[in-house]
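To keep things clear, I will list the structure first and then write my remarks on it.
The values are calculated or read from the model by the stated rules, or taken from the named source; none is laboratory data. Since the structure is predicted, the reported quantities are computational estimates derived from the model, not experimental observations. Here Cβ is always computed from backbone atoms with ideal geometry, including for glycine, and neighbour counts include all displayed protein chains.
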Amino acid sequence: MRSSKEKPKAGKHGGQTDYLGGRHAAHRGGFRAMLLCRIMLACVLCLLASPPAIRADESSEELNRLRDDFQTARNTVASNREWDYEASKELTRSSRALITMLLDHWVALPADSKDAPAVGKEIQVAFGGLAGSSSTEGNVDAQSFLARIAWPLLADATLTKQQTTLLAELIKPRLSSRWLGDVLAQLDKPSEPFAWDLQVTYALALMRMGEDKRALKEVANLQRKVFANFKASPAGKLDYGPEAGEARYRDYVDYLQACELLNGLRAAIAGDHEGAAGRVQQARQLRDSLSPEAGQLVAEIERLAAAQTEE
């Protein structure tokens, strides 16, 4: 048995086999462990880097597929000598799907992107396929659809002025859809609530464009119409179809709240946060619960107030 003071035996080449061999083995093991860690780290970094690229490719493929669907449906409708319900339905579906994805893509582009004008033009083309003639009810339905998906983007100031301007042009209510209601409102008479959803969204778009006078005129005009109907039928209900969602403008109070809050947003943008808070309070007095659209306006009013406080 070797004593504790006995030196290790020399190895074949005169080295201390037990000691130095152990050190080399440990060194080799440590090197391998370090190399393995580096390889694993590189793999993790690759995995972290890949998803955005993969998602971008998938998004591009999906967008191209929707473009093909829209063009096919458009060509089918154009080639039919007589109106075809199924073909028309497919054109509506494909147009809406394409517009929705194009709008998401448009908003995600950098503000100085050279692709932005082309995407905006493509949205116009897709909207034309959805809307058809400006004198048809389908045109108003198309405007209503676009107003619905544009509202949250307008509410939280996501869009550039150029994007807002284009959407405002597309959703602007036609004179024929509003003139009778405007006249009756001046006489304090109720009217059919036609294209009110367009008018309220158009007012918000004008506000985001800095067209305050025109925006406030739209709000005041709409508020008169809504109030005339509310007085005639306080419990009156509205129906914009199942696609609009259960809580979207379901009665006159929803619109009265929206008008109050648009005035509140205008005050908040101008820096009058006390006035904006007063408008929010008036909207809550009409009814404590808010529609999703009204809730988005309140959130934006509160964000603007918080931003000024931080300054």
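Side notes on the structure shown:
Residues checked against (1) modelled with pLDDT under 50; (2) assigned by TED's automatic domain parsing to the domain that holds LEU154; (3) in a helix (DSSP H, G or I); (4) over 26 Å from ALA131 (Cβ atoms):
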| position | (1), (2), (3), (4) |
| --- | --- |
| ARG2 | yes, no, no, yes |
| LYS7 | yes, no, no, yes |
| CYS37 | yes, no, yes, yes |
| GLU90 | no, no, yes, no |
| SER94 | no, no, yes, no |
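- The helices (runs of 4 or more DSSP H) found wholly in region 126-238 and carrying at least 2 residues that are within 22 Å of ASP251 (Cα to Cα) occupy 137-155, 179-186, 196-208, 212-232.
- Lone qualifier among LYS161, LYS121 - being basic (Lys, Arg), closer than 27 Å to ASN75 by Cα and out of contact with any His (no Cβ under 8 Å at 6 or more places or on another chain): LYS121
- Hits in region 280-311 - residues which are of a type outside the set (A, V, I, L, M), closer than 12 Å to LEU256 by Cα, modelled with pLDDT of 95 or more and in contact with a helix residue (DSSP H, G or I) (Cβ under 8 Å, 6 or more places away or on another chain): GLN282
- Residues in region 62-97 that are β-branched (Val, Ile, Thr) and over 21 Å from VAL140 (Cβ atoms): THR72, THR76.
- When we screen ALA157, ALA185, ALA168 for residues that are touching a residue at least 60 places away in the same chain (Cβ under 8 Å), in the same structural domain as ALA235 (by TED's automatic domain parsing) and either touching a helix residue (DSSP H, G or I) at 6+ places or on another chain (Cβ under 8 Å) or not polar (S, T, N, Q) (or both), the only hit is ALA157.
- Unique residue being buried (at least 22 other Cβ atoms within 10 Å of the Cβ) and either at pLDDT 95 or above or closer than 27 Å to ASP112 by Cβ (or both) when the list is THR164, THR158: THR164
- Hits in region 172-205 - residues which are acidic (Asp, Glu) and under 19 Å from the mean Cα position of the chain (by Cα): ASP197
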